[in-house]
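Read the figures in this text as sums done on the coordinates, not as results from a lab. These numbers come from a predicted model, not from an experiment. We place every Cβ from the backbone using ideal geometry, glycine too, and count neighbours over all the protein chains shown.
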Ligand SMILES: NC(=O)c1ccc[n+]([C@@H]2O[C@H](COP(=O)([O-])OP(=O)(O)OC[C@H]3O[C@@H](n4cnc5c(N)ncnc54)[C@H](OP(=O)(O)O)[C@@H]3O)[C@@H](O)[C@H]2O)c1
């Protein structure tokens, strides 16, 4: 197997709806083993893809940076070669902007950026050492142009997105590739209770787009849905007053 059709995966943020949809999708292409790194370890392992993907949950907190290397050691003990690492950690907060206090801002920055970035640096080192593999990093369209209602979340995603693209350049030529996924609004636990934004999708759609990119051996940025790429090429550059009107309070 290869990272185009991964047999083994480590998911950072193992309860993520998007990540789980991706595992279901990849089961049809030969995925056999998944290590789910999660803050809480369930009494019984989740059954994914009708049991075709054998899951093991390992306790892990993105904020516990000192424990990141041990997670990769444990994963290698469990599955051997790690074909794919998916970073799906995320904290949204419904109004992640001016209403947030300093502790909340700090928690969001460390959860969405600092912690995952530290874990991704270990991931990149381990994948290079084993001679190849793929990294899938869940960024967001919210990071392309932060808006007034959620610029804390948006800026953490900008940081992670830049970090992941930097890793992609750093590992170029090593056999490791990086996919930076920029979904728009996805109907998942994270967005429960929120009114869907235009071009809203669901976890299965994101999973299919990532699966297709992996199969094709792609690296780089994947927009979901694809129309967001050209749309945000424009929106990233409209004047601030116009952007405030377009973004509104959502
Ligand atoms: N849904 C959207 O509209 C959307 C759009 C663009 C990008 N994204 C990104 O896609 C990724 C997956 O999101 P999702 O929609 O699948 O949401 P989700 O189901 O809420 O998944 C988020 C995951 O992050 C984990 N997490 C949060 N804080 C953590 C910490 N300190 N340590 C370890 N894990 C932690 C959660 O674990 P617990 O179960 O322990 O809370 C959960 O597994 C996120 O990075 C998100 O920012 C989502």
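Listed values, structure above:
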| read-out | value |
| --- | --- |
| The stretch 46-100 shape via C-alpha gyration tensor axes, a/c threshold 1.5 | oblate |
| In nm, spacing of pseudo-spin labels at residue 98 and residue 45 (7 Å Cα→C-beta vector) | 5.0 nm |
| Cα gyration tensor shape for the chain, rounded if a/c is under 1.5, else prolate or oblate | prolate |
| Over the stretch 39-94, relative contact order from alpha-carbon pairs under 8 Å, at least 6 apart, % | 23 percent |
| Nearest 10 degrees, 0 to 90: helix 203-215 Cα axis against the chain principal axis | 60 degrees |
| Mean residue ellipticity (222 nm) of the chain, computed from DSSP H runs ≥ 4 via -39,500 (n - 2.57), nearest 500 | -12000 deg cm²/dmol |
| Protection proxy ranking, peptides 31-37, 53-59, 140-146, average beta carbon neighbours within 10 Å, highest first | 31-37, 140-146, 53-59 |
| Relative contact order for the chain, counting Cα pairs under 8 Å that sit 6 or more residues apart, in percent | 20 percent |
| Residue 170-residue 148 pseudo-label distance in nm [points 7 Å out on the Cα-to-Cβ vector] | 3.7 nm |
| Those residues of the stretch 138-171 whose amide nitrogen sits under 20 Å from the label point placed on residue 237, 7 Å along Cα→Cβ | 141-147 |
| Estimated FRET transfer efficiency when R0 is 30 angstrom, pair residue 250-residue 56 (beta carbons, to 0.05) | 0.20 |
| Alpha-carbon centroids, the stretch 1-35 and the stretch 74-121: separation in whole Å | 18 Å |
| Counting DSSP beta bridges with both ends in the chain, the antiparallel % (nearest 5) | 5 percent |
| Cβ-Cβ FRET estimate between residue 218 and residue 162, R0 fixed at 22 Å, reported to 0.05 | 0.70 |
